[in-house]
Amino acid sequence: MKSASQFQLKQSNSFNVASITPFIYQPASYSDLHELAGVVNQPFYILGEGSNTLFVEDEAPVIIRPDFKGIDIEETGEAYLVRVGAAENWHQLVTFCIEQGIYGLENLALIPGSVGAAPIQNIGAYGVEFADYCHEVEWFEFNSQSVKKLSRAECKFGYRDSIFKRELYNQGLIISVSFMFPKAWQAKLSYHGLDSLPEKVSAMEVMEQVIAIRESKLPDPDVLPNAGSFFKNPVIAEDQYQILKQKYPDMPFYPQDNKSVKLAAGWLIEHAGLKGFCRNGAGVHDKQALVLVNKLAASGKDISALAKYVQTRVLEKFGIELLPEVRIIAAKGEVELEGVEQ
Ligand SMILES: Cc1cc2nc3c(=O)[nH]c(=O)nc-3n(C[C@H](O)[C@H](O)[C@H](O)COP(=O)(O)OP(=O)(O)OC[C@H]3O[C@@H](n4cnc5c(N)ncnc54)[C@H](O)[C@@H]3O)c2cc1C
């Protein structure tokens, strides 16, 4: 198996923060996976492209970076079944599918990262989620050293959530993902920004529109290092929302199925007066307050200190605790934002 010691991860995370791992292992075959048995009995972190990861210490845990590649397509009368290796790039997959005449992922264009990370938080954008087209996830379980296939139902997908963040947390890794794309395709245009497109629009045009909107709103991590939305949109009880609404009638809200309401974390941060706020090189983006950026060679600690500050200010003003969407990684493995020593 490919591996390296004392590996610098600065180029392997979209915040572009420095952190050194004592060992990085890159399994690319089933036999490589069996060699991981002796690796996972110490603190470790599975890394894709690092676009949802913040390393907060000079030292990182042992890193496992799956390197399974390849795209296989099977066609039936009604659908395409597409199996994709975990290490393939997500946006390249979206583009490849559209070019092949396989539609469905166009609303998820330009989301950074690997295919293997997509099921973890059930990536979503513009009214579509990974789960909508997931057929099966191929999973290597460390304990039993066996390969399993999890159906979409077994993955228990939710808003930025799945079984991989819960029952199966740190129990294994994703080798590949299979998608089912029905040939009968209809554009999903309900989301603001896509609703101006004509009904007879092509998947390619939807993708181009999504790319244009994203490029106008979100900073490019290659230019201004960031990890997209730093916090999840909070979901609160209907009663709590009614009280807040009295005070903030303009506050955007999205009613959920179970008498709860989703709020826009970016709006809360902006209305806590933090849009554009910057400290020690780490900043709240001046166009989209939900995105924290590494403006001036900030360290992982500087960024986590800013995130904590944002969390505290929003809690003080609105009584709502924002929870990070980004994974916070110290030398001993994943930690809570609260646990990062400054
Ligand atoms: C500019 C920008 C915009 C973004 N926009 C969106 C958006 O619109 N919607 C959205 O949902 N997300 C968005 N994100 C977040 C990010 O793109 C996704 O979370 C993406 O899936 C991360 O992929 P990655 O390979 O970089 O994951 P990493 O950051 O490397 O890892 C993320 C998580 O996945 C786990 N993981 C990775 N690979 C595997 C594997 N093979 N097996 C098991 N576990 C694995 C890691 O352990 C970690 O818990 C955005 C990020 C950026 C920088």
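Some observations on this one:
- Filter result (small (Gly, Ala, Ser), in contact (Cβ under 8 Å) with a residue 60 or more places away in the chain and part of a helix (DSSP H, G or I)) within the range 1-53: Ala37
- Residues that are open to solvent by less than 20 Å² (accessible area, probe 1.4 Å) and touching a Phe, Trp or Tyr at 6+ places or on another chain (Cβ under 8 Å) were ranked within the range 275-288; the one that is farthest from Glu59 (Cα to Cα) is Val284.
- Of the strands (runs of 3 or more DSSP E) that lie entirely inside the range 230-273, those containing 3 or more residues that are crowded, with 16+ Cβ neighbours inside 10 Å and under 23 Å from the mean Cα position of the chain (by Cα) span 260-263.
- Exclusive hit being in contact (Cβ under 8 Å) with a residue 24 or more places away in the chain and in contact with a strand residue (DSSP E or B) (Cβ under 7 Å, 6 or more places away or on another chain), set Lys295, Lys308: Lys295
- Residue list for the range 99-138, filter: under 20 Å from Ile174 (Cα atoms), open to solvent by 10 Å² or more (accessible area, probe 1.4 Å), aromatic (Phe, Trp, Tyr) and within 10 Å of the ligand (Cβ to nearest atom): none
- No other residue among Thr95, Thr76 is within 16 Å of the ligand (Cβ to nearest atom) and at negative phi apart from Thr95.
- Test: Glu49 is of a type in the set (Asp, Glu) and within 12 Å of the ligand (Cβ to nearest atom): yes
- Asn170 vs. criteria at positive phi, polar (S, T, N, Q) and either in a loop (DSSP other than H, G, I, E, B) or touching a residue at least 12 places away in the same chain (Cβ under 8 Å) (or both): yes
The values are calculated or read from the model by the stated rules, or taken from the named source; none is laboratory data. Being a predicted model, the structure only gives us computed values, none of them experimental. Neighbour counts run over all protein chains shown; Cβ positions are idealised from the backbone, glycine included. Side chains are part of the model used for accessible areas, which takes the heavy atoms of the whole protein and leaves out ligands, DNA and RNA. Shrake-Rupley method; radii C 1.70, N 1.55, O 1.52, S 1.80 Å.
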